[in-house]
Amino acid sequence: MSALIELKNIYKIYHMGDSDVHALDGISLTIQKGEFVAIVGQSGSGKSTAMNIIGCLDVPTRGTYLLNGVDVSTMKDDEQAEVRNKMLGFIFQQYNLLPRLNVQENVELSLLYAGVGAEERRRRAMKALARVGLESKAKNMPNQLSGGQQQRVSIARALAGDPSVILADEPTGALDSRTSREVLSFLQELNREGNTIVLITHDNSIAVRAHRIVRLQDGRIIYDGPADDPRAVVQPSEAGEEEAAQ
């Protein structure tokens with residue numbers, strides 16, 4: 001069975017003046033359907049670049065990215081947009097809800113971009129809101145909700161498209177500790193239901209809620225293995241030149 005996500009020798013190189021910056025320096029990574037993987041690293045480690053490539057928001061300079069067996073690494077912008085709409089769901093730190101749309105309309109938005117008809121959009125949006133316990137808030141505006149509720153709306157928006165992968169980028173970064181635990185517990189529940197979750201974070205205490213941790217440093221993978229292994233949470237300064245566990 002082919003992997004759901006397969007990065008093969010991925011480089012992302014930015015030209016800055018007379019020098020080249022390797023945001024990703026030849027990483028290879030495989031994620032199977034149904035996994036819950038945390039990609040961890042400090043600022044400048046390459047984790048955001050990795051997320052952008054996995055999320056079809058950017059393309060690598062070199063290397064191959066297969067998403068469900070399809071090579072998306074050389075796709076044009078409009079082709080990548082179609083893949084995002086059909087296969088990927090995003091959860092962001094700042095929720096990215098539109099303040100002039102109500103909760104239901106915000107959840108429907110990605111379905112609108114995907115060309116889903118109005119009646120089906122409403123059905124899917126309400127089903128997704130019911131899954132996150134916010135069906136009764138469908139007509140509320142975002143500013144009438146707490147931070148935790150707004151993040152649950154963004155989770156519902158990600159779920160409404162029935163994506164192959166849910167990408168969560170620092171999803172608890174704007175939340176207090178109690179609400180953060182609630183959101184992480186919900187992501188774990190979604191994973192138990194069979195959803196593939198890729199969590200991007202700099203925080204070890206959040207990363208260990210996943211089953212597997214991939215730690216990046218200077219654009220390279222320095223650890224790839226179980227989240228409960230002590231090496232999974234070693235700080236980058238302590239990791240030295242440790243190679244990824246294969």
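Things to note:
- If the segment from L98 to D162 were pulled out straight at 0.36 nm per residue, it would be longer than the present Cα-Cα gap by 20.9 nm.
- Which of V233, T64, V183, positive extreme of dipole for the chain (C-beta unit charges): V183
- Cβ-placed point charges (K, R +1; D, E -1), dipole of the chain about Cα centre in debye, nearest 20: 1080 debye
- The fraction of accessible area contributed by carbon and sulfur in region 59-122 is 48 percent, rounded to a whole number (1.4 Å probe; ligands and nucleic acids excluded).
- In terms of accessible area, using a 1.4 Å probe and ignoring ligands and nucleic acids, F92, F36 rank largest first as F92, F36.
- Each peptide in 155-162, 108-115 receives the mean, over its residues, of other Cβ atoms within 10 Å, and ordering these scores from highest gives 155-162, 108-115.
- Selected from S45, S154, S136 as most flexible by GNM, with the chain as the system and alpha-carbon contacts under 10 Å: S136
- Percent of beta bridges antiparallel (DSSP, the chain, rounded to nearest 5): 55 percent
- Gap separating the Cα centres of region 134-161 and region 172-212, nearest whole Å: 17 Å
- On the basis of the beta-carbon distance and an R0 of 45 Å, D77 and R192 show a calculated FRET efficiency of 0.80.
- In region 37-139, trypsin sites (Lys or Arg not before Pro) in a DSSP loop with at most 13 other beta-carbon atoms within 10 Å: K76, R100, K139
- Globularity index of the chain is 1.01 (Cα radius of gyration / 2.2 N^0.38 Å, N = number of residues).
- Region 146-176 residues near the modelled E182 label - backbone nitrogen below 17 Å, point 7 Å along Cα→Cβ: 146-157, 171-176
The values are calculated or read from the model by the stated rules, or taken from the named source; none is laboratory data. All of these numbers come straight from a predicted model, not from anything done at the bench. Heads up, the Cβs are rebuilt from the backbone with ideal geometry, glycines too, and the neighbour counts pull from every protein chain shown. To get the accessible areas, we keep the full protein, side chains included, count just its heavy atoms, and leave off ligands, DNA and RNA. Shrake-Rupley method; radii C 1.70, N 1.55, O 1.52, S 1.80 Å.
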